[in-house]
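Readers should treat all values here as calculations from the given coordinates under stated rules, not as data from a laboratory. As the structure is a computational prediction, the values presented were derived from the model and not from experiment. Here the Cβ positions follow ideal geometry from the backbone for every residue, glycine too, while neighbour counts run over all protein chains shown.
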Amino acid sequence: MALVPLSPILSTLHAPSSLFLRRETRPSFSSSTAGNVSLSPLLTHQRKLLCPPPRGKFVREDYLVKKLSAEELEELVKGERKVPVIVDFYATWCGPCILMAQELEMLAVEYESNAMIVKVDTDDEYEFARDMQVRGLPTLFFISPDPSKDAVRTEGLIPLQMMCDIIDNDM
């Protein structure tokens, strides 16, 4: 039985380099130089993240975007308010939701007093997500303070600029 070498594509897979400030090159280990190469550069090889990855439920106490239960969200939407509410339906295992969490934090900083951004975990609030017809993740609802206006719904990862346009033009 002959061994099949890995394809060049599989052998070059690595973590996304856009998440790191710098990438150091590692020395090659060809058979002629393997005895002369020190392993100390490999032991000190470090990469620094541009932004910390979200942990746990992707919500911390110091985040501007807060996690709400279904009941808390219903009270918020039905109550009197002067700013739009952006609701993010997410899951902790969802890759695009992790990226969206970072985008929403930047949006929360930009619109700190002009919009309220909240999150609902679809694993914790399954029935509520089903009732809201959440089919894909992340799903965002942009709810205007004017009850006569319809909510704007998006599915999937959307850019920060598109979220800003929806808030500025449709709310």
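How many angstrom separate the Cα center of the range 74-99 from the Cα center of the range 115-145? Computed from Cα coordinates, the inter-centre distance equals 6 Å.
Can you work out the PRE-style zone for ARG153? Point 7 Å along Cα to Cβ, and I want the residues of the range 107-127 with backbone N under 20 Å. The answer is 117-127. Projecting label points 7 angstrom from Cα along Cα→Cβ for ASP124 and LYS82 puts them 3.0 nm apart.
Count the lysine pairs in the range 66-170 that are 8 or more places apart or on different chains: how many have C-alpha atoms under 17 angstrom apart? Each step should come with its number before you reach the end.
Numbers: LYS66/LYS119; LYS67/LYS119; LYS78/LYS119; LYS78/LYS149; LYS82/LYS149.
Going through the range 66-170 pair by pair, I get 5.
Please report the antiparallel percentage of the DSSP beta bridges confined to the range 66-170, to the nearest 5. Beta bridges within the range 66-170, antiparallel portion: roughly 55 percent. Loop-located GluC sites (Glu not before Pro) across the range 84-171 with a Cβ neighbour count of 15 or fewer within 10 Å are GLU112, with loop assigned by DSSP.
Round to the nearest 0.05 the FRET efficiency obtained for GLU75 and GLN161 when R0 = 22 Å and r is the Cβ-Cβ distance. For GLU75 and GLN161, the calculated efficiency is 0.10. Taking a ≥ b ≥ c as the square roots of the eigenvalues of the Cα gyration tensor of the range 66-170, is the shape rounded (a/c under 1.5), prolate (a/b larger than b/c) or oblate? Oblate shape, in that a/c is at least 1.5 and b/c is the bigger or equal ratio. For the range 58-165, the list of chymotrypsin sites (Phe, Trp or Tyr not before Pro) that fall in a loop by DSSP and count at most 10 other C-beta atoms within 10 angstrom reads TRP93.
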